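Structure first, commentary second.
The values are calculated or read from the model by the stated rules, or taken from the named source; none is laboratory data. All values derive from a computational prediction rather than experimental measurement. Note: ideal-geometry Cβ built from the backbone for every residue, glycine included; neighbour counts use all protein chains shown. Side chains included, ligands, DNA and RNA excluded: accessible areas come from the protein's heavy atoms. Shrake-Rupley method; radii C 1.70, N 1.55, O 1.52, S 1.80 Å.
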Amino acid sequence: MTYSIRNFDDKVVLITGGTSGIGLETARQFVAQGAQVIVTGVTAQRLDEARLELGENALVLTADLRQPESLDAVISEISRRFGRLDVVFANAGAGNASPLEDVTAAQIHEQFGLNFSGAFFTVQKAAPLLSKGGSVILTTSFLNAVGTPGLSILSATKAAVRSLARTLGAELAPRGIRVNAVSPGPISTPFHSKLGLSDSQLKEVAAGIEASVPLGRFGEVGEVAKVVLFLASDQASFITGEEIVVDGGLSQF
Ligand SMILES: NC(=O)c1ccc[n+]([C@@H]2O[C@H](COP(=O)([O-])OP(=O)(O)OC[C@H]3O[C@@H](n4cnc5c(N)ncnc54)[C@H](OP(=O)(O)O)[C@@H]3O)[C@@H](O)[C@H]2O)c1
């Protein structure tokens, strides 16, 4: 894909979970539009691949968001190199499929630790570097609006993040900082292969999803990334506390 618009010249953008899937494509689009991007992830191979692919306008750093203090070095490095942040995309997340009777306290702790606490502490720790006109985007999920068997905890983490867009939006509005959420539907990324399902279960789930999405397919990462860039841009200058759902109509009809 080629990009001719450069809405983000010299903007400084932090993307957590930026080494794969939605976060990586969003990083590509920000870089293509002139931004300096700081990307975080955990897996060494994907960190290396992202570093190679994104090039000199991206700083790729390790931060395991289940341990919020791992963000401290990232924020210090951003402060040292750039002295500010213009956009924060708190996107890192993962899920685990488990029916009611099999859910453990450890699964709840793990998923809330990454999806909710990880997003919360990303914003808390980045906020001092954001100034008037800054934009925060949180990744939620269509799951926060529908009941899907086996996904109680993952869905609840995303409902909690949806709530954060409103409360943190209210807290940061007096500083002129907007907080919004992007809510992906089923998007083609490695996310689904990490849910703990067997190959045959995955195939069955994928077929069920294609049959139930009104637009009849999985979404592409670029279709989510474009919405993130819109929310980050001045074109969304009077939008805060909002969530934009990108799910082919799955949770709407
Ligand atoms: N794909 C979908 O259908 C879908 C639907 C709704 C919502 N979402 C949400 O979209 C976001 C991005 O997911 P994706 O589909 O792009 O999945 P993905 O390709 O698996 O990417 C997930 C990203 O999160 C990072 N991550 C995983 N565990 C982490 C941890 N403990 N600490 C820090 N970073 C961690 C991964 O880093 P490594 O690669 O280094 O492990 C990767 O960069 C997630 O919040 C997910 O819940 C996805």
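Within the set 110, 101, the sole residue that is away from the ligand (no atom under 14 Å from the Cβ), among the charged types (D, E, K, R) and assigned to a helix (DSSP H, G or I) turns out to be 101. Selection of segment 157-209 for residues being at pLDDT 90 or above, crowded, with 17+ Cβ neighbours inside 10 Å and within 10 Å of the ligand (Cβ to nearest atom) yields 157, 158, 161, 182, 183, 184, 185, 186, 187, 189. Contact map, segment 210-223: first residue closer than 17 Å to residue 25 by Cβ and in a helix (DSSP H, G or I), second residue near the ligand (Cβ under 10 Å from one of its atoms) and acidic (Asp, Glu), Cβ cut-off under 6 Å, separation 6 or more or different chains; pairs are 221/25; 222/25. Taken over segment 157-188, residues that are touching a Leu at 6+ places or on another chain (Cβ under 9 Å) and assigned to a helix (DSSP H, G or I) amount to 10.
Exactly one residue out of 218, 253 is more than 30 Å from residue 133 (Cα to Cα) and open to solvent by less than 40 Å² (accessible area, probe 1.4 Å): that is 218. Residues in segment 189-236 that are among the charged types (D, E, K, R) and within 22 Å of the chain's Cα centre (by Cα): 194, 217, 220, 223, 226, 234. Here residue 86 clears all of (1) part of a loop (DSSP other than H, G, I, E, B); (2) open to solvent by less than 50 Å² (accessible area, probe 1.4 Å) except the condition numbered (1).
Within segment 49-68, the presence of at least one residue that is part of a helix (DSSP H, G or I), under 17 Å from residue 16 (Cα atoms), among the hydrophobic types (A, V, I, L, M, F, W, C) and within 14 Å of the ligand (Cβ to nearest atom) is confirmed.
Would you confirm, using the coordinates I've provided, whether residue 98 is farther than 22 Å from residue 20 by Cα and open to solvent by less than 40 Å² (accessible area, probe 1.4 Å)? Considered against the rule, which asks whether it is farther than 22 Å from residue 20 by Cα and open to solvent by less than 40 Å² (accessible area, probe 1.4 Å), residue 98 comes out as yes. Any residue that is without any contact (Cβ under 8 Å) to a residue 24 or more places away in the chain, within 25 Å of residue 177 (Cβ to Cβ) and under 19 Å from the mean Cα position of the chain (by Cα) - is there at least one of those in segment 1-15? Checking segment 1-15: not a single residue is without any contact (Cβ under 8 Å) to a residue 24 or more places away in the chain, within 25 Å of residue 177 (Cβ to Cβ) and under 19 Å from the mean Cα position of the chain (by Cα).
When residues of segment 224-250 are filtered for being open to solvent by 40 Å² or more (accessible area, probe 1.4 Å) and under 22 Å from residue 25 (Cβ atoms), how many remain?
Residues flagged as open to solvent by 40 Å² or more (accessible area, probe 1.4 Å) and under 22 Å from residue 25 (Cβ atoms) within segment 224-250 amount to 8.
Here are 130, 154: which of them is within 12 Å of the ligand (Cβ to nearest atom) and closer than 23 Å to residue 179 by Cβ?
154
Looking only at residues in segment 27-48 that are near the ligand (Cβ under 10 Å from one of its atoms) and of a type in the set (S, T, N, Q), the one that is least open to solvent (accessible area, probe 1.4 Å) is 40.
Return yes when residue 23 is out of contact with any helix residue (DSSP H, G or I) (no Cβ under 8 Å at 6 or more places or on another chain), in contact (Cβ under 8 Å) with a residue 24 or more places away in the chain and assigned to a helix (DSSP H, G or I) and no when it is not.
yes
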